[in-house]
Amino acid sequence: MTQQDAGGPRARPAVVGGAYAFVAYLLWGLFPLYFIALLPSGPWEVVAWRVLLTVVFCVIAISVMRGWSALGRIVRQPRLLGLSALAGVLIFVNWTVYLIATLTGHVIEASLGYFINPIVTVLLGVLVLHERLRRLQWAAIGFAAAAVTVIVIGYGKMPWISLLLAFSFGFYGLVKNRIGPSVDALSGLALETAWLIPVAAGMLIWVSATTGITVGTAGIGHGVLLLMAGVVTAVPLLLFAAATRRAPLSLVGLLQFLNPILQFVIGAAILHEDMPLERWIGFALVWVALIVLTIDSLIAVRRAHDAPGINPVADIT
């Protein structure tokens, strides 16, 4: 058997996992176009439908995949239930802020939040998990802080949308890390959104009493798009979960930049949002930070690969 043949069984899952990650980040990157197509629906109505329809999707998917027993085991563990509720609150904040940003002409500022997110994740590792940072990681955090400072000075205000998106998703990832592999992606998403059903229902009642529900009032096409919110939400999350079980995390980490890059391009080139000099400088500093962080990650992977007795791809399947 040749070396290529021997490497085949391991290489194939990594390639498939990379493809899953690519499609997941591609879909997330195109989200602004989808959500803008939902106008005149407002962000509060859209996020409510997004929660409720994601629950519906999860119920159907769990039934088809016969996953109710697995979900039942999770429900009987108070710790996992509590963490899933916390994850639900964080993802609700993230979705709401993102929809407000997208539907009010702040797609570029939202993209900045997802550029900053990997750096926030590293920072949370230090502050919460007491991890020790390498010098290049500290440098990346420094560049990110400088970027926020430049934007604040240039605009005269904090980029709250960017920071809320970065930290809400960063803490969401931290909670998911604490949950660990004991909760599969579909069951986790079902529980997180199920906790939010009362909130989403209340929001729809409030929207109905104030501006009015838009389902069925803006044409068949709009109604179909809005009713697809559950599928649109769940599919990239499930693809991402499948990717992380197959592909090396270094590959998944590199591909994550596809999402904010696409959002940035959509905001600047298609929606023609404002990009003054201070915003360009801020984004440039963030991109430098991400390049530094990527180089550090690749160096760490190479060192782990070269270390005796360590095979970084042994568990990708």
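All of the numbers you see were taken from the coordinates with simple rules; none came from a lab. These numbers come from a predicted model, not from an experiment. Neighbour counts run over all protein chains shown; Cβ positions are idealised from the backbone, glycine included.
Details
- Ranking T96, T217, L271 by Cα position along the charge dipole of the chain, where only Lys, Arg, Asp and Glu carry charges on their C-beta atoms, puts T96 farthest toward the positive end.
- Order of V252, V288 under a 10 Å beta carbon neighbour criterion, fewest first: V288, V252
- The slack in the chain from L227 to L254, taken as 0.36 nm per residue of separation less the alpha-carbon distance, amounts to 6.5 nm.
- Here the Debye sum runs over all C-alpha atoms of the range 12-306 as equal scatterers in vacuum, and log10 of I(q)/I(0) at q = 0.09, 0.12, 0.16 Å⁻¹ comes out as -0.46, -0.83, -1.45.
- The label point for V199 and the one for A269, both projected 7 Å from the Cα toward the Cβ, are 3.5 nm apart.
- Fewest-first ranking of K176, K157, using other Cβ atoms within 10 Å as the exposure measure: K157, K176
- Normalised by 2.2 N^0.38 Å, where N counts its residues, the alpha-carbon radius of gyration of the range 59-100 equals 1.48.
- FRET efficiency, 1/(1 + (r/R0)^6) with R0 22 Å, evaluated for I261 and I295 via beta carbons: 0.80
- In terms of its Cα atoms, the range 97-162 spans 39, 24, 15 Å along the principal axes, sorted from long to short.
- Computed [θ] at 222 nm, deg cm²/dmol, the chain (DSSP H ≥ 4; -39,500 (n - 2.57); rounded to nearest 500): -25500 deg cm²/dmol
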